[in-house]
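Down below is the structure, laid out as structure tokens.
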Amino acid sequence: MKTINIGILGYGVVGAGVAKLLKQKKQLLESRIGAVLNLKTIADIDITTDRGVELGTTALVSDATVIIDDPEIDIIVETIGGETIAKEFILKALENKKHVVTANKALLASYGNDLVKTARKNLVDLAFEASCGGCMPIIKSLRESLVANDIKAMSAILNGTCNYILTKISKDGSEFEDALKDAQQLGYAEAEPSLDIDGFDTAHKLAILNSLAHGMEINLKDIHVEGIRTITPKDIEFAKEFGYTIKLLAIGKIHENHVEARVHPTMIPDSNPLSHVDSSMNAIVIDADATGQAMLYGHGAGMMPTASAVLSDVADIARNIISGTKRRVPILGYPEDNIKPIPILPMDELYTRYYLRFEAQDHPGVLAKISGILGENNISIKSVHQKGRKTNGNVPIVMITHIAKEASVQDALIKISKIDSVVGSPVVIRIEETVQE
């Protein structure tokens, strides 16, 4: 039986999970793949801390180049994370004609186009199933299972930290800061949580998924990104009254000449299956022309779910090695020559529906002034609720609009915020009735 040697760069949570699966599932992997997956070497700065994995004959070293330069190692698994040293190591590994598996969505979103070019030049594979959605097979679904489909739209919950916080606010009425502290205590949120709660982690994943879905270059910089810091129990309660749930969504839609790509808190109807994805779970709904809508659901992070996704890539590459093939499936789902730049729709050009909340002093004519400004900006109101719940003497005015243009809504909000009787900044949350309107 052929032996395929593997090296792991980074022995943190994910790296330890990959090592554990390779050791514990050795016989299962051999029976399914038809080869021995031998974990030859692990590299990490810390080689003294016990990770609870029985390594046996596997070497543990502090110098990554031992793995990168080892001619016997076939596949390198990168679990270091970040965009600096990990990028350097992956590029060196690809130049040394090593196949690379990574879960590093930030690196792929920022430098994926360069990494793909380097892999192509050296005729090796670069695989990243674990970069988006943890154990959910999103990458394989877009790259292989849905190969005969035009992907019309994707709508996804891709960050367990944000989903846990929003669930906590919704179920318990917690304030944002309290829900965040709870998430940190449970290990769902980092001590410095900005990457998650400000939406950037989700944007990294959407940039990768857009490329796979549409054959476009990876484009992170043009994705509109908003986080969940401003979401309050008050808005979640209003959403419930209207039959909506608030989720941080990654939304991608293909149009004739451009792609919508946006990450922001979104109101979705309770009939949408994503509205019932709670706690730290992730899910994605893919709307394709031949299949219709399909949904994947599962753990988006964690040691073993992520390690499972990494091992799926290792198995694919191992099978290629056994059959004597390379790069059987294009890295981004399309041959590199067929990947093209597709512009992302500027956010000002977006058309959707909106939830608007204003805090106003209880003076006559305030509602008429607000409605007048919205009308002047071609924003049609579907429903208005002037609630009697006073907060510090102010009354919330809540509106749901018909489909309107983003630029018009933002212009109107600037004017409305200048009305003397309006207190503080207006709250705006976009509404998605369906995945594809």
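Here are some notes:
- Options TYR164, TYR188, TYR244: the member that is of a type in the set (Phe, Trp, Tyr), crowded, with 23+ Cβ neighbours inside 10 Å and at pLDDT 95 or above: TYR244
- When we screen SER408, SER425, SER380 for residues that are of a type in the set (S, T, N, Q) and modelled with pLDDT under 95, the only hit is SER425.
- In the range 287-297, the condition of being in contact with a Lys or Arg (Cβ under 9 Å, 6 or more places away or on another chain), outside any strand (DSSP E or B), within 23 Å of TYR111 (Cα to Cα) and acidic (Asp, Glu) is met by no residue.
- Matching strands (runs of 3 or more DSSP E) fully within the range 1-76 where at least 3 residues are surrounded by 13 or more Cβ atoms within 10 Å (Cβ to Cβ), touching a Leu at 6+ places or on another chain (Cβ under 9 Å) and not hydroxyl-bearing (Ser, Thr, Tyr): 2-9, 35-43
- Residue match in the range 123-134 (condition: touching a Gly at 6+ places or on another chain (Cβ under 8 Å), more than 24 Å from VAL259 (Cα to Cα) and surrounded by fewer than 24 Cβ atoms within 10 Å (Cβ to Cβ)): no
- Test: residue in the range 359-369 that is at pLDDT 95 or above and in contact with a helix residue (DSSP H, G or I) (Cβ under 6 Å, 6 or more places away or on another chain): no
- Matching option when the condition is touching a residue at least 60 places away in the same chain (Cβ under 8 Å) and outside any strand (DSSP E or B), among ILE370, ILE379, ILE342, ILE400: ILE342
- Of all the numbered requirements in (1) part of a loop (DSSP other than H, G, I, E, B); (2) buried (at least 19 other Cβ atoms within 10 Å of the Cβ); (3) not hydroxyl-bearing (Ser, Thr, Tyr), ASP222 misses one, and that requirement is (2).
The values are calculated or read from the model by the stated rules, or taken from the named source; none is laboratory data. Quick caveat, the model's predicted, so the values are computed rather than measured. Positions of Cβ are generated from backbone atoms using ideal geometry, with glycine treated the same way; all protein chains shown enter the neighbour counts.
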